[in-house]
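Okay, structure first, notes after.
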Ligand SMILES: [Zn+2]
């Protein structure tokens, strides 16, 4: 047998080529795997199974507390009152969370949805849908049912405009992000209403009239984020009107939560806040008292899980969000019965224009 005739002669060039080819193939597969992993990780597969239906105003159960949280954006509810919500559910109280916007003007979040540098109204609206899902998932960690979440779908980063220049519905606001001038989500509370202060106030009044909250949570009037300052204005104005209509059905307690503090890091230190307690903010203590509500350890853990459900915010704010999970939650308590006229609200020079306009006064 001729050994040479049956064998192959190694060709150095061909061997090098196949090794280089395998390396290239491995590199390409690695990149593709990394992209697929990043997409799946950032898009949070848990959210694929969450479907957000239109919420409904729960029947107020007699003899229990009725807790209403007004959140400008999805995540403000759990950051500010996640512990209170978990304790309320545990205690058998009725809870309702009202999201004023879908949080759809977040540019980093929108990039996360599209994974491209290009912005589009469609992507911002998709982000709003994703943040709704995150909100429902987060509330579920606290024991709050999806039906107890109402999405009002007013414009993110546009609420302050609804107080002054777009207070009346003959001049609706148009979002430069979603390009919407009316509620676009089919699952929104009162879908299709145009973006104006009158409509937002009417929504909140309808909710309060039906739910008859005993305790409400609103943003602090001096919060540095304009949407939050506006959230205070609308929430307190609606509560004042509920009080004027029917003292028995009006909230007895109004708690204001601080999320964005101007000119100083807040909360501090950043990162998981377990083991820390919020201290009261002396600079913001005026005539209204503050209160600190301690959270049991297990509730801190529930709140952490809820905060971590807002995965679209990890991109930019995870250490800040997690820092809100502490041994307590703090609020300034305002007495709406003792307020003179429109709520104390310093964030815009046109303070009170909506209140006056919808009372039939000046436009
Ligand atoms: Zn917010």
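Observations, loosely collected:
- Residues 183, 297, 303 arranged by fewest to most Cβ contacts within 10 Å: 297, 183, 303
- Neighbour counting of Cβ atoms within 10 Å sorts the residues 281, 237, 85, 193, fewest neighbours leading, into 281, 193, 237, 85.
- Taking the number of Cβ atoms within 10 Å of each Cβ as an exposure proxy, the fewest-first ranking of 44, 148, 312 is 44, 148, 312.
- The value for segment 54-358 of Rg(Cα) / (2.2 N^0.38 Å) is 0.92.
- In segment 232-317, inverting the average of 1/r over every pair of distinct C-alpha atoms gives 16.2 Å as the Kirkwood radius.
- Relative protection proxy for 230-236, 94-100, from highest mean packing down: 230-236, 94-100 (other beta-carbon atoms within 10 angstrom).
Only the coordinates and a few stated rules stand behind these numbers; no lab work does. Please read all numbers here as calculations on a predicted model, not as lab measurements. Neighbour counts are summed over all protein chains in view; Cβ atoms, including those assigned to glycine, are modelled from backbone coordinates with ideal geometry.
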